[in-house]
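A short write-up of the structure that comes next.
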Amino acid sequence: MLREWRAARRLSQLDLALETGISTRHLSCVETGKARASRDTVSRLADALGMPLRERNALLRAAGFAPMHPERSLATPALDRVRQAVDLILAHQEPYPAFVISRHWDVLATNAAAVRLNPILMGDKPIRHVNLLHQIFDPDDFRPVIANWHEVAARFIRHLHDDLAANPTDRRTHQLLEEIFAYPDVPARWRDRELGDEPSPIVTFTFRSTRGELRFFETFTTFAAPYDVTLDEIRIDCTFPADDHTAAVCAELAANEAAQAG
């Protein structure tokens, strides 16, 4: 595992040894299994390699130690305050869509604004996938309503490449990349992390809808210095209108829903 992560980070044994204050000889013996690393040494190595919490736990288990970072469902009482914070962000994003996204781009939760928009984008056509990447790349899902699909798709391919660069041992992300390239008309050159096209400073999603084109940009919110694996891996995707027409449509949909509920 250490060799794989060192290679991904382009670090020699000497580089990693200097970074962690471990002798090169001891590090070599740890890698070959001739010596056992202490729990502190494993933590220092994980820090130097920038490993996510899930992979830190795996490294600890490989060294014969219990995992350090718990992985709890957001529904557990221990994460009540965190869940309340997530719900608050989703609610405060109204009347604009917001989503809770997993490490592998599965949509875990949405606010009411996202649900309201679906009929004017998709009509009676159901959403086929829970995974946001599959929604964007599948011609039978959201892809046909994205007017600037090529720009949006390239941006998400960059996200996948960045995810792999940050976590090179993540098999599911490798699998996702292959699944995405199985869809039609995905340029083969996008397999290279440097896609060739100069990315825009910010990508605006342009959707075709029964109310005309709707344009959004987005921000991602993550938890600072999480100790729990679940919190380390989720992000909150908040979208904002990129023009007055989009803002007006979102506000009108929310007002209509409130009037019907009243």
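A few notes on this one:
- If the condition is being within 14 Å of residue 235 (Cα to Cα) and part of a helix (DSSP H, G or I), then the stretch 48-87 contributes 82, 83, 85, 86, 87.
- Considering the stretch 138-153, the residues that are hydrophobic (A, V, I, L, M, F, W, C) and free of Cβ contacts under 8 Å to residues at least 40 places away in the same chain include one that is farthest from residue 189 (Cα to Cα), namely 142.
- Once the stretch 72-90 is narrowed to residues that are modelled with pLDDT of 95 or more and of a type in the set (Val, Ile, Thr), the residue that is farthest from residue 113 (Cα to Cα) is 86.
- Considering 225, 242, the condition of being outside the structural domain of residue 43 (by TED's automatic domain parsing) and touching a residue at least 24 places away in the same chain (Cβ under 8 Å) is satisfied by 242 alone.
- Considering the stretch 157-172, the residues that are out of contact with any helix residue (DSSP H, G or I) (no Cβ under 6 Å at 6 or more places or on another chain) and part of a helix (DSSP H, G or I) include one that is surrounded by the fewest Cβ atoms within 10 Å (Cβ to Cβ), namely 171.
- One residue alone among 98, 109, 114 is in contact with a helix residue (DSSP H, G or I) (Cβ under 8 Å, 6 or more places away or on another chain), buried (at least 18 other Cβ atoms within 10 Å of the Cβ) and not basic (Lys, Arg), and that residue is 98.
- Qualifying residue in the stretch 122-141 (condition: touching a strand residue (DSSP E or B) at 6+ places or on another chain (Cβ under 6 Å), surrounded by 15 or more Cβ atoms within 10 Å (Cβ to Cβ) and assigned by TED's automatic domain parsing to the domain that holds residue 247): yes
- For beta carbons closer than 8 Å, sequence separation of 6+ or different chains, a first residue in the stretch 194-218 that is more than 24 Å from residue 100 (Cα to Cα) and a second that is of a type in the set (D, E, K, R) and modelled with pLDDT under 95, the qualifying pairs are 195/158; 195/189; 196/189; 199/155; 199/158; 200/151.
- The stretch 15-28, residues that are in contact with a Lys or Arg (Cβ under 9 Å, 6 or more places away or on another chain) and of a type in the set (A, V, I, L, M, F, W, C): 16, 17, 22
- In the stretch 94-118, the residue that is farthest from the chain's Cα centre (by Cα) out of those that are farther than 20 Å from residue 149 by Cβ and without any contact (Cβ under 8 Å) to a residue 60 or more places away in the chain is 115.
The values are calculated or read from the model by the stated rules, or taken from the named source; none is laboratory data. Since we're looking at a predicted model, the values are computed, not measured. Neighbour counts run over all protein chains shown; Cβ positions are idealised from the backbone, glycine included.
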